[in-house]
Amino acid sequence: MSTANKAALFQKLPSTDELLRQSDMQALIAQEGHSAVAESIRVVLARLRQEISEGQLDEKSLDLALGGLSAAVERQLRQSLSYSLRPLVNATGVILHTNLGRAPLAVAALDHARATASTYSNLEFDLAAGERGKRDIHVDRLFQKLLAEAVLPEQAGGKRVGTGASPVQVERSSAAVSTIVVNNNAAAVLLALNSLAEGGEVIVSRGELVEIGGSFRIPDVMSKSDATLREVGTTNRTRIADYERAINERTRLLLRVHRSNFEITGFTEQPGLDELVALARSRRLPLMEDLGSGALFDLRSVGINGEPGVLDSLRTGVDIVTYSGDKLLGGPQAGLISGRPDLVARMRSNSLFRALRVDKLTYAALEATLLAYVKHDHDAVPVLRMMRLSKEEIARRAEKIISDVESGQLQRLKLQLLDGESVIGGGAAPSAVLPTRLIALTHADLSADELNARLRAATPPIIARVEDGRVLLDLRTVFPDQDANLATVLASLS
Ligand SMILES: *Cc1c(COP(=O)(O)O)cnc(C)c1O
């Protein structure tokens, strides 16, 4: 198209002011305000200008576009005023899916956050004394209850009572395990390393120098914390003697990192946690473990073995553990540091702690989540409820959805039930899976990827897996009150 022709097309475009004076725009302004409407007009006109200059519009198609200008402005306005962050249905069966927001929160967590954050609260106010208080006491007391069992006699500073052959009882001090909260586990590791090892060396196995999604790399965090990484062993084999040899006068800390997203199998060796504890004690060095997921719930009860829990590590004698709030714990995004009170106190007094602290929403959600654990109300925490769902319960729901969908006229969509596996995700071992029943979808006219895209375009969007040319839906991660809508969307694809 010639420059002259384009100039003629540009001439046809109304000005923002002209449009603003139109009656339909005046109606929109009454609803949403002048500046939002003016902004939408500008965006729509800029788009048309762009299309003219790229030669995508001729006179006819421009006239058509101008005829629909008001509608285009309204669409733009609705889009700009709607939320970008939206709820969706997770039918992937991955319980802790980082891209999908990890742990959904317990209802009590949301209620508590709403109640305490929509007004003023005693976040940092000691009501009894009428003075400034500490924001971490609200959850530290609950962590103390939940982790009390982990306290070893020498850590507790408690005295052994009982005589002769009677079992040794331990009198526990109430503050035997301290916990502080920061923004996420990456921040927890940064704060712990900086507080315990700044200017010194930290010994870690080469087989544990992990990268977790979102560019969390232990060596990078280590250098930001001003500690020097002292790698020992090889990728597949590290022995306790390797740690022992690397200890020198600059050593400040022994570090164990949970291999969250990969496994090393075959010719491998890694010292037991108890061996590391013994070495750390004998050399008077603290031992820290970055657990990543950090369950407060015994995963063995749902058939998952070999995933260490926070209690297991503390009981074995690890001095400091770091873990996420929104992984297996099932709470809000947070980084938790639990362990020896003198070490945690050093972290609390580090100025980095102030920079990494969390807000009242996090404390409220975390407090309510922990209270569910204290009350043994595990089904109140969505990720725990999902882990505890049996294959039979999932199968029953899947059968109901299939029969609801098939009660309509099914022509092109085919649904099938299959055995499969749900994945814990979020830093539990890749092999941590639970047996499930899957709904497999195929369509006469749509490929699996196209079918999957249709599900994503539903309201709310449905996120599924594609495997072997089929779309797979796992109801383990779908809330039961989302089943009916899922069936309706599937029926609409038939
Ligand atoms: C997930 C994970 C982290 C990062 O935790 P965030 O809470 O996402 O910051 C660090 N270390 C390990 C071992 C993890 O699994």
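The values are calculated or read from the model by the stated rules, or taken from the named source; none is laboratory data. Here the structure is a predicted model, which means the values were calculated and not measured. Please note: Cβ atoms are built from the backbone with ideal geometry, for glycine as well, and neighbour counts cover all protein chains shown.
The conditions of being out of contact with any Ser or Thr (no Cβ under 6 Å at 6 or more places or on another chain) and within 16 Å of the ligand (Cβ to nearest atom) are met by residue 325.
Just to be sure, is residue 119 surrounded by 11 or more Cβ atoms within 10 Å (Cβ to Cβ), modelled with pLDDT of 95 or more and among the polar types (S, T, N, Q)? Criteria not met by residue 119.
Only residues that are within 13 Å of the ligand (Cβ to nearest atom), touching a residue at least 12 places away in the same chain (Cβ under 8 Å), surrounded by fewer than 18 Cβ atoms within 10 Å (Cβ to Cβ) and of a type in the set (Gly, Ala, Ser) were counted across segment 180-236, and they come to 2. Could you tell me whether segment 125-148 includes any residue that is among the acidic types (Asp, Glu), more than 16 Å from the ligand (Cβ to nearest atom), surrounded by fewer than 14 Cβ atoms within 10 Å (Cβ to Cβ) and modelled with pLDDT under 95? No, every residue in segment 125-148 fails to be among the acidic types (Asp, Glu), more than 16 Å from the ligand (Cβ to nearest atom), surrounded by fewer than 14 Cβ atoms within 10 Å (Cβ to Cβ) and modelled with pLDDT under 95. Screening segment 1-108 for helices (runs of 4 or more DSSP H) wholly inside it with 2 or more residues that are among the basic types (Lys, Arg), touching a Ser or Thr at 6+ places or on another chain (Cβ under 6 Å) and exposed (fewer than 15 other Cβ atoms within 10 Å of the Cβ) returns no ranges.
The residues on offer are 432, 457, 464, 484, and the sole one that is over 24 Å from the mean Cα position of the chain (by Cα) and small (Gly, Ala, Ser) is 484.
Just a yes or no: is a residue in segment 387-409 among the polar types (S, T, N, Q), under 30 Å from residue 445 (Cα atoms) and either in a helix (DSSP H, G or I) or in the same structural domain as residue 177 (by TED's automatic domain parsing) (or both)? Scanning segment 387-409, I find at least one residue that is among the polar types (S, T, N, Q), under 30 Å from residue 445 (Cα atoms) and either in a helix (DSSP H, G or I) or in the same structural domain as residue 177 (by TED's automatic domain parsing) (or both), so the answer is yes. The test for being within 16 Å of the ligand (Cβ to nearest atom) and surrounded by fewer than 18 Cβ atoms within 10 Å (Cβ to Cβ) holds for residue 306.
The set of residues in segment 247-274 that are farther than 22 Å from residue 147 by Cα, of a type in the set (Asp, Glu) and in contact (Cβ under 8 Å) with a residue 24 or more places away in the chain comprises 263, 269. Every condition in (1) away from the ligand (no atom under 16 Å from the Cβ); (2) part of a loop (DSSP other than H, G, I, E, B); (3) in contact with a Leu (Cβ under 8 Å, 6 or more places away or on another chain) holds for residue 376 except the one numbered (3).
Taken together, 178, 223 contain a single residue that is over 24 Å from the mean Cα position of the chain (by Cα) and polar (S, T, N, Q), which is 223. Checked against the criterion of being in contact with a helix residue (DSSP H, G or I) (Cβ under 9 Å, 6 or more places away or on another chain) and within 16 Å of the ligand (Cβ to nearest atom), the candidates 295, 368, 278 yield just one match: 295.
Yes/no matrix, rows are residues, columns are (1) surrounded by 14 or more Cβ atoms within 10 Å (Cβ to Cβ); (2) modelled with pLDDT of 95 or more; (3) of a type in the set (D, E, K, R):
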site: 398; (1), (2), (3): yes, yes, no
site: 411; (1), (2), (3): no, no, no
site: 419; (1), (2), (3): no, yes, yes
site: 437; (1), (2), (3): yes, yes, yes
site: 455; (1), (2), (3): yes, yes, no
site: 473; (1), (2), (3): yes, yes, no
